[in-house]
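Here's the structure, in structure tokens; my notes come after.
Only the coordinates and a few stated rules stand behind these numbers; no lab work does. Just so we're clear, the structure is a prediction, and the values are computed from it rather than from any experiment. Counting neighbours? That spans all protein chains shown, and the Cβs are built from the backbone with ideal geometry, glycine included.
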Amino acid sequence: MKQTTSVPIEASKPMNEFSFVDSFVPVPGHLSFLNDLQARALETYRSLPFPDETTSGWHKVSLQGLSSQSYHLPATSIACEPERVGVELATKYAKQMLCCRQIVSQQGRRVNVPAIQGTGLSFGLSSDPAVAFPEKIIQKIGQIVPAVSDKFTAFGYAFASTSTVFYLAEDQVLKAPVFYQEIQQGNHLAVPSTTLIYLARNSSATLVRQRISDDPSHDQFSAGVLEVHLEEGAHLDLLDLNGVSSQSWDFQNQKVILEKDAVLNEFTLLHSPGFSKYRMQADLAGKGSQANITGLFLPAGKQRFYMDTHQNHLGENTVSDLQYRGVMDGESQSRWEGMIYVDPKALRADGYQANHNLILSRSAKVDAIPGLEILTDDVRCSHGVTVTNIDPEQQFYLTSRGIPGKEGVELIVSGFIQKALDRVSLDSLRQMIAEEFISRINKTML
Amino acid sequence: MSEQEDVLRGIEPQRYDFKDPEKYVFKSRKGLDAEVVGQISAHKEEPQWMRENRLKALQQFNAMPMPSWGVDLQGLDLDDLYYYVKPTDEIQNDWDEIPEAIKNTFNRLGIPEAEQKFLAGVGAQYESEMVYHNIQKQLENQGVIFLSIEEGLRQHPDLFKQYFGTVVPFTDNKFAALNTAVWSGGSFVYIPPFVKVELPLQAYFRLNTASIGQFERSIIIADEGSQVHYVEGCTAPQYSKNSFHSGVIEIIVKKGARVRYTTIQNWSTNVYNLVTQRAMVHEEGTMEWVDSNLGSKATMKYPACYLVGPHAHGEMLSMAFAGRGQDQDTGGKMLHLAEDTTSKITSKSISKDGGRSSFRGLVYVDKKAESAKAKVVCDALILDGKSRSDTYPHIENRAENVSIGHEASVSKVGEEQLFYLTSRGLSEEEATTMVISGFIEPLVKELPMEYAVEMNRLIQLQMEGAVG
Amino acid sequence: MIGLEIKDLHVQVEDVEILHGINLIVPAGEVHAIMGPNGTGKSTLAYTLMGHPKYQVTSGEVLLDGRSILALSPEARSHAGLFLAFQYPVAIPGVTVANFLRTAINAHRKAVDPNYHGIPIPEFRKIMLEKMKLLEMDQKMGGRYLNDGFSGGEKKRVEILQMAMLEPTMAVLDETDSGLDIDALRIVSEGINTLKSNRLGILVITHYQRMLNYLKPDIVHVMVDGKIVESGGPELALQLEEEGYRGVKA
């Protein structure tokens, strides 16, 4: 009669500390604020345990198999190559894209800066004395996502030694999208990273960030922070394409603060890492701010994706609309946990979250945990979740029109994915994602 | 339904809020230890295995931590409770044999009258013990067993032992362990194969003493192809000190059987209500929970269906009303453990005057549960800016061929709806009440007529004075 | 005077003035029509009369049977005898038409007599079925949820059913003809005609002549840009039907 229903928890061994931690000594840069930040983060990192089942936000996330002993850090040296680089992908889909690149390897970091004179955009590394960011911008680093969030967040601040910064000045409107590629080079590389995107009042930009491994067989570890601040009336279209290798472990913590009437359109594609822990938070702090958040995750094989999203309505008349779509194949595991929080002060908030999952394999595991915490009455909040497999009626209809089974499934899956792509506003970028990523993934999946 | 409203005119809050002078045959000292558990067992003259089982469960209870989630249990002092209060020496099947004061209590609650009118059987519990248990003769002749849980153990020891603790083992959670240690009262129900009990069986639970814990335990076994509807109602007078109710209900739905379990929980707002209710549903069986929580200070309750046989179906209708100082943490769990199983959870919650209602749900689809279908719909209404509504559904899927859908929304009563209704002459309060009764209508229409009327009436009472 | 008097009514919606001084008298026993192009403020007038909070009266006066109603809540206006048949009635899911009507009737009667105990069910059913028959409605309608999933025609019939049951003294019909096919238009119009009496004033808001063919208004008003620009006999409606609003002085 007795039924065992709880999923057995794997007995996990305590994680070993990364081998470079004890001997790590920060090299002070020219900005004392950042030196202090790094020193504190290093202390925080050393004091925090590795997260386990009981850590808030890490329920059911197992770190088993993460061989921390095998990774080494990049050197702290930086190089800047101020000439324009063409990123093949970007130039193929849009003319006049502003392309920039950062290569992280054992030798250090090398940055290519696009020709940005006259655009109002500043881009570079915070530790580079040649790039002068306004001081108030530099002081935002580490203030949006605090290092104490968890050990992997602290990792980014403690070991990165520099931050990548995008700053767009007041009233500047970037007509061309910025394509920023971050390449992780070398086997067993540990990549700490912190990135700040700051858009001043009424500025507007489209930014594509692609993170890739130099070789799909390389085992890399990356732990990073993405901080975004949108001042009053700023408008950011952000496409975040996570393409690190299937041998890699990837930890990312992102937060966006929106001031009055700011708008965020974010699209996140998560397809290649072997392990991904991704946290996204949008704080709709200013009256009338708005966040449209789209996620497309396509786990297959033995990939494990853990995503948690937070839509925090803190100001009046704020609007959030989140849609996460997943297609799961193989023995993959994925877990999405979403929360809409409405503060008592956030009158007339309008929040929505949806999570749709299409399962292609009987060995795939999927958990969906939407959530609402509503502390005022003058709101409209809802969520919807579906978990389905390929509808035989749809498939039958397609075969009756002469489309064979496998093609029919591909068609249905691409239709399912299209619903997420439809939310990318720029045609060229939508086309790029569809052709360069989705079609390839679709072929390997099916 | 509206025709019935006149009949039930007179259900006022004071109908529940009256106290009898305390009179009892035995009352354990405050607090809980092996001695108190031994006293309960001795009073019940039960077999050795049960006594040992209680003591094992007590150890488990002591070893387990308090839940770290859900409602605030700070105000629940487990050492400041009477765990066993025995009101009479014997259980009766004739109201006239029951001590006058207790009989009057149930008369005032309308139980004997209801029994005559529309119930197939009635059990009535006062403090820790069932004082009355009776079933229609013709059902008894068909082999239907409807006894107090103690009589069940005495008269049907083998059947009892076969099922006790199999659906809710005492290791399940801290309060299931507590209940197993100190259980007293509740019903033992067995419906023989293919017997359909048309009218509901009702159990009525009443707390009178302050600072009391009530720990009823019920087992319902619906044998192949049978059918039964069991209703529980709960009330208590208002005291300044907190009381505690922690029941465990185990239900076995055998092949093709159908069980409906309806709760109308209207405890006074000094009662902590932490309940474990679970059904094991076999092939082609159907289990329906209809759960309405209006009263109590804090409730944690998530009735569950373990769908263990192919084509088993689970259904959950949950309604919660959280008013001033109330925390209703309710929901439901559907575990799909066999192929072609289906389930549906419908939840409606209302928060007002600073009350907090939380929906917590779980849909788990096991690898074995091919072609499972599950649906969850939660709607919440918040009536003012001080109140709070939370929704925490969990969906865990391990199967390929499934269909799971979940929808939830939180809103306030629409201004356009209120304007429309007030333009027809309704006051704002009447209009709000009307929108709310429409909101919970999908649940109320599943209740037997008499309860539906009572429910609407209770909602109206809760709403009185709700609008400035 | 008995009936509706509107004096120099100015109304704003979200700080924009929509009605710029409406003057109108609808005495009891008369049928008046307001015609005018889209977006001219006709529905604004209807909502304002009923007291929708979105519509702010900045100046002017509205009297019902000589008594000012502008300070009254919508329900008090209803109790006073005012009725609005909505152009787009909202749905109240889960509440049956019958339950709603009974509650409304009781509210009206309680407004007169606070000790009123509620209309007995048989009496209520009798009246409801009678009125439904008048409007050629299916009895089952009483058990359906109010306006929930109703067709356009069903919604309008239920509006008039409410009017029949609440027995107002002043009824404002906001585009009750829209969304009705020819048969439904006839049934609804004839239903309204049976309610006509020397106690009841009716103000019909419409774009078209077709409903007026049945209701036979005594006076037709033309409203353009938030003002009544012309008033005349029934022939004015016919003229508008032929020539459109261009011929009307703006």
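What to note about this one:
- Electrostatic bookkeeping for B:Glu216 treats Lys and Arg as +1 and Asp and Glu as -1; over the other residues with beta carbon under 10 Å from its beta carbon, the sum is -1.
- Summarising the label geometry, the points placed 7 Å from Cα in the beta-carbon direction at B:Gln48 and B:Phe194 lie 4.2 nm from one another.
- Between A:Asp219 and A:His188, the built amide H atoms are under 5 Å apart, and every one of these is 5 or more places off in sequence or on another chain.
- Eigen-decomposition of the gyration tensor built on the alpha-carbon atoms of the protein assembly as shown gives equivalent ellipsoid semi-axes of 54, 49, 26 angstrom, largest listed first.
- Each peptide in A:315-321, A:388-394 receives the mean, over its residues, of other Cβ atoms within 10 Å, and ordering these scores from highest gives A:315-321, A:388-394.
- Each Cα pair of the stretch C:1-46 feeds into the Kirkwood radius, which the Stokes-Einstein equation turns, at 4 °C and 1.567 mPa s, into a diffusion coefficient of 110 µm²/s.
- For B:Lys333, the shell of other residues with beta-carbons less than 10 Å away shows a net charge of +2, using +1 for Lys and Arg and -1 for Asp and Glu.
- Space enclosed by the convex hull of the alpha-carbon atoms of the stretch B:354-468, per residue, Å³: 132 Å³
- Antiparallel DSSP beta bridges within the protein assembly as shown, as percent of all bridges there, nearest 5: 20 percent
- Seen through its C-alpha gyration tensor, with square-root eigenvalues sorted a ≥ b ≥ c, the stretch B:71-199 comes out oblate because a/c lies at 1.5 or above while a/b is not bigger than b/c.
- Chain C: relative contact order in percent, alpha carbon pairs under 8 Å with at least 6 residues between: 29 percent
- Peptide C:87-97 has a mean of 5 when you count, residue by residue, the C-beta atoms of other protein chains within 10 Å of its C-beta.
- Per-residue ellipticity at 222 nm, computed for chain C from helices alone with -39500 (n - 2.57) per DSSP H run of at least four residues, works out to -11000 deg cm²/dmol.
- Per residue of chain A, the DSSP helices (runs of n ≥ 4 H) give a summed -39500 (n - 2.57) that works out to -4500 deg cm²/dmol at 222 nm.
- Among residues other than A:Pro344 with Cβ under 12 Å from its Cβ, the summed charge is -3 (Lys and Arg +1, Asp and Glu -1).
- Dipole of chain B, positive end: most advanced residue of B:Gly225, B:Ile145, B:Ala369 [Cβ charges, Cα centre]: B:Ala369
- The stretch B:318-328 - phi-based ³J(HN,Hα) in whole Hz, Karplus 6.51/-1.76/1.60, Gly and Pro as x: 10, 9, 10, 10, 10, x, 3, x, 9, 10, 9
- Note on the stretch A:231-375: Cα convex hull, mean projected area over all directions, 7.6 nm².
- Across chain A, counting alpha-carbon atoms alone, Rg and Dmax equal 21.6, 74 Å.
- Distance between modelled label sites at C:Ser231 and B:Val377, nm, 7 Å Cα→Cβ extension: 5.1 nm
- Three-way shape call for chain B based on the alpha-carbon gyration tensor, with the a/c threshold at 1.5: rounded
- Whole-number D in µm²/s for the stretch A:32-286 (Stokes-Einstein; Kirkwood sum over Cα pairs; 20 °C, 1.002 mPa s): 116 µm²/s
- Sequence-distant lysines (8 or more away, or on other chains) whose Cα lies within less than 16 Å of A:Lys345: A:Lys260, A:Lys287, B:Lys386, B:Lys412
- Neighbour count of at most 11 Cβ within 10 Å plus DSSP loop: longest trypsin sites (Lys or Arg not before Pro)-free window in chain A: A:176-400
- Greater than 18 Å apart at Cα, pairs in B:Lys19/B:Lys301; C:Lys126/C:Lys156; B:Lys333/B:Lys375; B:Lys301/B:Lys333: B:Lys19/B:Lys301; C:Lys126/C:Lys156
- Members of A:Lys60/A:Lys302; C:Lys131/C:Lys155; A:Lys136/A:Lys277; B:Lys27/B:Lys174; B:Lys196/B:Lys348; A:Lys60/B:Lys56 lying beyond 22 Å, as alpha-carbon distances in this model show: A:Lys136/A:Lys277; B:Lys27/B:Lys174; B:Lys196/B:Lys348; A:Lys60/B:Lys56
- Listed residues A:Ala132, A:Val244, A:Asn112: farthest to the positive end of the dipole of chain A (Cβ charges): A:Val244
- Of all aspartates and glutamates in the structure, the ones whose alpha carbon falls short of 12 Å from that of A:Lys140, not counting any fewer than 8 places away in one chain, are A:Glu227.
- Available extension along the chain between C:Tyr208 and C:Val112 is 30.8 nm, counting 0.36 nm per residue and deducting the alpha carbon span.
- Principal-axis analysis of the Cα atoms of chain C puts helix C:152-166 at an angle of about 80° to the longest axis.
- The protein assembly as shown, dipole about Cα centre (Lys/Arg Cβ +1, Asp/Glu Cβ -1), debye to the nearest 20: 1180 debye
- Within chain B, helix-based [θ] at 222 nm, where runs of 4 or more DSSP H residues each add -39,500 (n - 2.57), nearest 500: -7000 deg cm²/dmol
- For the stretch A:300-314, putting each phi into the Karplus relation 6.51 cos²θ - 1.76 cosθ + 1.60 with θ = phi - 60° gives couplings of 9, x, 10, 5, 10, 10, 10, 10, 10, 10, 9, 10, 9, 8, 10 Hz, in residue order, rounded to whole numbers and with x for Gly and Pro.
- Taking a ≥ b ≥ c as the square roots of the eigenvalues of the alpha-carbon gyration tensor, the stretch B:193-307 is classed prolate because a/c is 1.5 or more and a/b outweighs b/c.
- Bridge type composition, the stretch B:27-418 - antiparallel percent by DSSP, nearest 5: 10 percent
- Sparse-neighbourhood loop sites, chymotrypsin sites (Phe, Trp or Tyr not before Pro) in the stretch C:66-151 - DSSP loop, at most 16 other Cβ within 10 angstrom: C:Tyr116
- Of all aspartates and glutamates in the structure, the ones whose alpha carbon falls short of 20 Å from that of B:Lys367, not counting any fewer than 8 places away in one chain, are A:Glu10, A:Asp329, A:Glu331, A:Asp367, A:Asp391, B:Glu283, B:Glu284, B:Glu339, B:Asp340, B:Glu396, B:Glu400.
- In order along the stretch A:137-147, the Karplus-derived 3J(HN,Hα) couplings, from 6.51 cos²θ - 1.76 cosθ + 1.60 at θ = phi - 60°, round to 6, 4, 6, 6, 4, x, 8, 7, 10, x, 4 Hz, and Gly and Pro are given as x.
- Using the average count of surrounding beta-carbon atoms within 10 Å as a protection proxy, the listed peptides A:153-160, B:398-405 rank, highest first, as A:153-160, B:398-405.
- Mean separation of Cα contacts under 8 Å (6+ apart) over length of chain B, as relative contact order %: 10 percent
- Each part gets one Cα centre, and for the stretch B:99-172 versus the stretch A:287-366 those centres are 48 Å apart.
- Angle in degrees between helix C:121-134 and the longest Cα principal axis of chain C, rounded to the nearest 10: 40 degrees
- Among beta bridges that DSSP assigns inside chain A, antiparallel share in %, nearest 5: 5 percent
- Proximity of backbone amide H atoms, modeled 1.01 Å from N, is registered between A:Asp378 and A:Arg348 at under 5 Å, excluding neighbours fewer than 5 places apart on the same chain.
- Averaged over A:383-394, number of beta-carbon atoms from partner chains that fall within 10 Å: 5
- Long-range HN-HN contacts of A:Val385 with modeled amide H, under 5 Å: A:Asn355, B:His406, B:Glu407
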